[in-house]
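Structure record follows, encoded as structure tokens.
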Amino acid sequence: MSISSRASRAPGRRRLPLVLAAACSTGALLALSAPTASAVAPLTATATYDCGSWGSGLATLTAADGASGKTIKVTSTAITMPAGTSADPNSITTTLKLTKSSGGVTSEVQFSAKTNPGLSGGNPITLGPLKLTSGTLAAGDSTDSVVLPTPPGASNWSLQIVASSPTSATVPCVATSALSAPFVW
């Protein structure tokens, strides 16, 4: 830059080279358009479920909302595979229904997956993570148990467990309590 061109500028004002200005603008645009991960709170909550021959009692639901989407994992020491049965890894299709509250409107969402460790009779259940497969959840929406009367049945369930290998069984479960704290997404 020559001395004469400096003199023609207003005092105290500097120019950014064009390349630097373009890079800054592109970086800002990318930062604004990048999806942000949202959090869910609380991360865990409990509810009671009646699963007929598989038992009844407290289950822990662990929620996550990250890069792989919205998920819930279900674990319980009170709900177990019956003696004499077993399940190969990833052979149980689990579907969980939750009520969704959004802006004063209540609807239903479902989480489902075929994800489990190998289990045998007497093992506590570990199901999931189950992915959001029906309905949508936006920031600020809350979800809670679908509490239903007992006994569970083919059309009366909040949690359904379908084992396929080597034991075949369809196990409907009803939530008998609300979550200890609703999940807020």
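The values are calculated or read from the model by the stated rules, or taken from the named source; none is laboratory data. Given the structure is predicted, the values throughout are model-derived calculations rather than measurements. Don't worry about glycine lacking a Cβ; one is built from the backbone with ideal geometry, like all the others, and counts go over all protein chains shown. For the accessible areas, the whole protein counts, side chains as well, though only heavy atoms, and no ligand, DNA or RNA atoms are used. Shrake-Rupley method; radii C 1.70, N 1.55, O 1.52, S 1.80 Å.
Of the conditions (1) surrounded by fewer than 19 Cβ atoms within 10 Å (Cβ to Cβ); (2) not in a strand (DSSP E or B), Leu137 fails just one. Which one is it?
Against the list (1) surrounded by fewer than 19 Cβ atoms within 10 Å (Cβ to Cβ); (2) not in a strand (DSSP E or B), Leu137 comes up short only on (1).
Taking the stated definitions as given, is Gly69 surrounded by fewer than 19 Cβ atoms within 10 Å (Cβ to Cβ) and free of Cβ contacts under 8 Å to residues at least 60 places away in the same chain?
no
Going by the conditions given, is Ala113 open to solvent by 50 Å² or more (accessible area, probe 1.4 Å) and among the hydrophobic types (A, V, I, L, M, F, W, C)?
no
What number of residues within region 147-182 satisfy the criterion of being buried (at least 18 other Cβ atoms within 10 Å of the Cβ) and more than 21 Å from Ser53 (Cβ to Cβ)?
So the answer is 2.
Please count how many residues of region 149-185 are closer than 13 Å to Ser56 by Cβ, assigned to a loop (DSSP other than H, G, I, E, B) and touching a Ser or Thr at 6+ places or on another chain (Cβ under 7 Å).
Matching residues across region 149-185 total 4.
Answer with yes or no whether Pro89 is in a loop (DSSP other than H, G, I, E, B), at pLDDT 95 or above and more than 18 Å from the chain's Cα centre (by Cα).
Yes: the conditions hold for Pro89.
Looking at region 93-105 only, could you name the residues that are more than 18 Å from the chain's Cα centre (by Cα) and outside any loop (DSSP other than H, G, I, E, B)?
Val105
Do we have Gly84 as out of contact with any strand residue (DSSP E or B) (no Cβ under 8 Å at 6 or more places or on another chain), open to solvent by 30 Å² or more (accessible area, probe 1.4 Å) and not in a strand (DSSP E or B) here?
Yes, satisfied.
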